[in-house]
Amino acid sequence: MDKIKTIILKEWAEVFKNRFVLFTVAFLPLIMTAIPIAILVTLRGEAGLESVSSEMPAQFTAFCPADLSGGECFQVYLVSQFMIMFMIVPLAIPATISSYSIVGEKTTHSLEPLLATPITTAELLVGKSLAAAIPAVLATWLGFAVFAAGAWILIPNKALFAAILDLRWLLAIFLVGPLMAIMAVNLSVMVSSRVNDPRVAEQISMVVILPVLVAFFGQLAGLFLINRQLILATGGVLIVLDMIMVYLAVRLFQRETILTRWK
Amino acid sequence: MIKTEGLTKKFGPITAVEDLTLEIPAGEVFGFLGPNGAGKTTTVRLLTSLIGPTSGTARVNGYAIGTDDTNIRRSVGVLTETPGMYDNLSAERNLQIYASLYEVKDPQGQVEKYLRMLGLWERRSDPAGTFSKGMKQKLAIARALLHEPHTVFLDEPTSALDPESAHLVRDFILEIKKEGRTIFLCTHNLDEADRLCDRIGVFKTHLLVVDTPTRLRAQVFGRKVVFHLQKADEALAAQVRALKYVKEARPIDNKILVTLDDPETHNPEIIRLLVGSGAGIQFVGELRHSLEDVYLQLVKNS
């Protein structure tokens, strides 16, 4: 356990001195938090919302709580779009950190001395994975907490507040977010096994964001609605995917493979 | 100590290390010489349990590779060929991380000990990335020794260092030799190997030869003694050549160059013969071939 802690602290000390990584970790949650808050600020007292509420997808109107007006329902609809965008945070941050922490070790030739220590492969992988996943999950949760606090202040109608920050948000942030972070880390580990440049590793790892964008635009276009069932199903699929990816990453993250094939 | 038997490593169709059988006793400085791509680094990786063998066995400090890998890594120190540091972190922090990974009992004490020994204590708070190549190499050596390993693997420890830094590193290797550690030294610097190593192994995928530098010279070129005389000629050389243990004797200017197996035993008799023949002996010395000559001859013959 001490070695895992040493690896995590080492990773953070190294990686967060990289301005690009620091920028991604700090800036992305900031943007993802600021946008829905800005929407809430903009929509406050907006009189014309009732008329546009008729443009919402039919299944969303049905899903909207009955005690909310059409305009309020539209606010819930609009802000909920950003719940999906919020999911970029637990994907992008680990992809950035692990790309630099693993490929970075290769490029600086510090990986071999590290592998020559008595640390086990599992300890090293867990340490590096947690070092990438923990900031992502914390940044997501912190961003969500700021958004929730902002929404509490900006929305006087607590029924509307409850509708905006309903169980879907909580499931997305506290269940799907961490699972996505694990997936992003493992993908980065696998990508890192084949590339030599942290920027290339990061760009390839960022492919994990694509499904989130598909979900965002799909819901925006009214093709489907992200409800609790869909979020839970996504969580279930992610658990299975994560297990497969952890298995593959562990298989790939072997001393001999790293030293002889990670070139 | 290190003991290998038939150690072989293949990467697909390529054989990097073939049938390496070797025994290095505790406290010996063993020079591992070979051309680029000979498999030296692969051998070090095998012996430090970083990679597994295709066949054969090896024991390092009593632990078997493949089954006691963690114990091997705990009991050896490695200076890799390109020893990367965490450039954004201070020298002290770099060593503290490794002290923790090596489970060092008094991490701060050990970090301070080696930073002071290698003259880096005053720069301990500076990021490793600001260090010169020589300073980084010293820091990497400190990292390899923090946990007081029984066996130390040094892969090109003085490559690309300026003469002063290289001298300091070589002195340091002699210091740690005095502590009784086994040192496995991969080097291209044959003069360095000659000065530091008790025995030398010349390697090119498989082990070509292992012996002390002196015996290697004798093995490859024979031992040659030069008798500097006031006047040397073919007649005098022929008298020496007539001695049954003399393999060769030829005059060169005012010298006679004599090849024989055991100069310590036979030189007195040769001197008596030369004095008896009226040759004025000015001085006698052994002709030393450089280890480079020996190495080039061995690699060429392979």
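Could you compute Rg(Cα) / (2.2 N^0.38 Å) for the stretch A:118-208, with N its residue count? With N residues counted in the stretch A:118-208, Rg over 2.2 N^0.38 Å equals 1.43. Based on DSSP H segments of at least four residues, each scored -39500 (n - 2.57), chain A has a per-residue ellipticity at 222 nm of -23500 deg cm²/dmol. Distance between the modelled labels on B:TRP121 and B:ASP198, one decimal in nanometres: 3.1 nm (7 Å Cα→Cβ projection).
A helix-only calculation puts chain B at -11500 deg cm²/dmol for mean residue ellipticity at 222 nm, using -39500 (n - 2.57) for each DSSP H run of at least four residues, averaged over all residues. In Å, the Kirkwood hydrodynamic radius of the protein assembly as shown over pairs of distinct alpha carbons? For the protein assembly as shown, inverting the mean 1/r across all distinct Cα pairs yields 28.4 Å.
Against the main long axis of the alpha-carbon atoms of chain B, helix B:133-145 sits at an angle near 80°. Separation of the stretch B:41-94 from the stretch B:271-302 is 42 Å, based on Cα centroids. In the calculated pair-distance distribution of the stretch B:2-211, the portion above 20 angstrom amounts to 56 percent of the Cα-Cα pairs.
Among the trypsin sites (Lys or Arg not before Pro) in the stretch B:51-139, those located in a DSSP loop and surrounded by at most 14 other Cβ atoms within 10 Å of their own Cβ are B:LYS105. With neighbour counts taken as other beta-carbon atoms within 10 Å, the residues B:ASP171, B:ASP211 rank, fewest first, as B:ASP171, B:ASP211. Note on chain B: antiparallel DSSP beta bridges, both residues inside, total approximately 70 percent of the bridges counted.
Remark: C-alpha extents of the stretch A:58-206 on the principal axes read 64, 26, 21 Å, sorted largest to smallest. For chain A, the share of alpha carbon pairs falling in successive 10 Å distance bins from zero is 7, 29, 30, 18, 11, 5, 1 percent. Among the listed pairs A:LYS3/B:LYS10; A:LYS128/B:LYS136; B:LYS138/B:LYS178; A:LYS106/B:LYS177; B:LYS3/B:LYS40; A:LYS10/B:LYS9, those with a Cα-Cα distance over 22 Å are A:LYS3/B:LYS10; A:LYS128/B:LYS136; A:LYS106/B:LYS177; A:LYS10/B:LYS9. A simple spin-label model places pseudo-atoms 7 Å from Cα toward Cβ; at A:THR42 and A:MET1 they are separated by 4.8 nm.
Working from Cα pairs under 8 Å separated by at least six residues, relative contact order for chain B is 18 percent. Partner shielding of B:100-107 amounts to 4, given as the average count of beta-carbon atoms from other chains within 10 Å of each residue beta-carbon. Per residue, the Cα convex hull of the stretch B:151-302 amounts to 155 Å³.
Cysteines of the protein assembly as shown lacking any other cysteine Cβ under 4.7 Å from their own Cβ: B:CYS186, B:CYS197. Summing Lys and Arg as +1 and Asp and Glu as -1 over all other residues whose Cβ lies under 14 Å from the Cβ of A:ILE134 gives a net charge of +2. A simple spin-label model places the labels of A:LEU248 and B:ASN36 3.7 nm from each other, with each point 7 Å out along Cα-to-Cβ.
Given R0 = 45 Å, the distance between the Cβ atoms of B:ALA64 and B:ARG288 translates into a calculated FRET efficiency of 0.65. Beta bridges assigned by DSSP with both partners in the protein assembly as shown are antiparallel in approximately 70 percent of cases. Placing +1 on the Cβ of every Lys and Arg and -1 on the Cβ of every Asp and Glu, with no other charges, gives the protein assembly as shown a dipole of roughly 560 debye about its Cα centre. Place a label point 7 angstrom from the Cα of B:GLN297 along the Cα-to-Cβ direction, then list the residues of the stretch B:201-227 whose backbone nitrogen is under 20 Å away. Residues passing the 20 Å test: B:201-204, B:207-227.
Counting Cβ atoms of other protein chains within 10 Å of each residue's Cβ and taking the mean over peptide B:41-50 gives 3. All alpha carbon pair distances within the stretch B:223-288 were sorted into 5 Å bins beginning at 0; the resulting P(r) in whole percents reads 4, 20, 36, 29, 10, 0.
At full extension, A:GLU256 and A:LEU223 could sit 7.1 nm farther apart than now, given 0.36 nm per residue minus the alpha carbon distance.
We did not get these values from a lab; they are worked out from the coordinates using the rules stated. Everything quoted here is computed from the prediction, not taken from an experiment. Heads up, the Cβs are rebuilt from the backbone with ideal geometry, glycines too, and the neighbour counts pull from every protein chain shown.
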